[in-house]
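Values in this text are rule-based calculations from the coordinates and carry no lab data. None of the values given here were measured: they were computed from a predicted structure. Cβ placement follows ideal geometry from the backbone for every residue including glycine, while neighbour counts extend to all protein chains displayed.
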Amino acid sequence: MVVETIDLYEYFHIPRGGAKGGYLTAYRHGQLVSSDKKIRPALLVIPGGGYAMVSDREGEPVALRYFGAGFDCFTLDYSVAPEHYPAQILQAGMAILYLRREAAALDLDGQHIAAVGFSAGGHLCGCISLRWDDAALVQAFGKEACEAIRPDASIFAYPVITSDERYTHAGSFINFCGDKVRAEEYSLEKNVRPNAPHSFIWSTSEDEAVPPENALLLYSALRRAGVTAELHIFEKGCHGMSLCNIETSWCDEPSAPISGHNAHWIEMSQEFLAEHGFAVHKG
């Protein structure tokens, strides 16, 4: 395994300006046998944390699970409060653009780059999936280049989606928006377009932090727009389940987010991606 960290601001020659995030950690297979070159799909992993922190439980452990399925994976360490918009969306956009531009050098399939986001990371995944031509991204890279920011498929795990006060995770929107933009603009169910990526979405009925209506609203909007989407609402389970196993549990109590049933989401998401052409092939 090749593990390395990429400073996205340095790569794009963009002044960091005090931003603490904007680093990409790569988990790549490399070419073990030069005569049997393999080209791999890529996955950008965007952990959650309410835009107040970046969850370790939803970063490397997730990357390694997809790595085991043949993906080259990249986890994003992005800025959090007190940094606000546009830092996060700029850093996520840089991450996808980096993978597109370096695909040949890294032996990646540049037409099969997916993103997975958890909780607030699901909101950020949604921003690049649905607002790939956001004003901040257009200003940084130009409108034509922004087309490459949209992932080829997106996975949303118990995502923060809506600013609707009945279902919203208010803290995530406050931390994301600051005083630069309005939460309603980044209520993602209002931003769906017919050319949005194939989308796999999951949540749980018992999630009180980010109610499953967030996932339902996103799925409904994608369906109305004619976008290929798959939705799973598991009966049991609290917020922040990650891989739903002991390694990614956030506490040692009996109520900790461990569920063998819910853990099937990761295999189902891999099957979903495979159905849409995400596979290892010879170079």
Practice problem: Express as a percent, rounded to the nearest 5, the fraction of DSSP beta bridges in the chain (both residues included) that run antiparallel. | Solution: 35 percent
Quiz prompt | Neighbour-limited loop hits for trypsin sites (Lys or Arg not before Pro), the stretch 78-169 (at most 10 other Cβ within 10 Å; DSSP other than H, G, I, E, B) | solution = 166
Quiz item: How big is the charge dipole of the stretch 2-282 about its Cα centre, in debye rounded to the nearest 20, if each Lys and Arg gets +1 on its Cβ and each Asp and Glu gets -1 on its Cβ?
Solution: 720 debye
Quiz item: Sorted by packing (mean other beta-carbon atoms within 10 Å per residue), highest first, where do 144-155, 69-80, 172-183 land?
Solution: 69-80, 144-155, 172-183
Quiz item: Taking the Cα-to-Cβ direction at residue 208 and at residue 147 and moving 7 Å from each Cα, how far apart do the two end points lie in nm?
Solution: 4.8 nm
Quiz item: So, in nm, how far is label residue 37 from label residue 166 when the simple model puts each one 7 Å beyond its Cα toward the Cβ?
Solution: 5.5 nm
Exercise. Starting from the alpha-carbon convex hull of the stretch 1-88, give the projected area averaged over all orientations, in nm².
Key: 6.5 nm²
Quiz prompt | Value of relative contact order over the stretch 2-282, rounded to a whole percent, pairs C-alpha under 8 Å and six or more apart | solution = 17 percent
Practice problem: Work out how much length residue 111 to residue 223 would gain on full extension: take 0.36 nm times their residue separation and subtract the Cα-Cα distance, in nm to one decimal. | Solution: 38.0 nm
Exercise. Mind giving me the FRET efficiency for residue 2 and residue 275? R0 is 30 Å, r the Cβ-Cβ distance, nearest 0.05 is fine.
Key: 0.60
Quiz prompt | Proximal charge balance of residue 102 [Cβ under 14 Å; K/R count +1, D/E count -1] | solution = -2
Practice problem: Averaging over all projection directions, find the projected area of the Cα convex hull of the chain and quote it in nm² with one decimal place. | Solution: 14.1 nm²
Exercise. Over the stretch 104-160, calculate the relative contact order: mean separation of alpha carbon pairs under 8 Å at least 6 apart, over the residue count, as a percent.
Key: 52 percent
Quiz item: Counting Lys and Arg as +1 and Asp and Glu as -1, what is the net charge of the other residues whose Cβ lies under 15 Å from the Cβ of residue 184?
Solution: -1
Self-check item: Point-charge dipole on Cβ atoms (K/R +1, D/E -1) for the stretch 96-140, about Cα centre, debye to 20
Solution: 100 debye
Exercise. Would you calculate a helix-derived [θ] at 222 nm for the chain, using -39,500 (n - 2.57) for each DSSP H run of n ≥ 4 and dividing by the full residue count, to the nearest 500?
Key: -8500 deg cm²/dmol
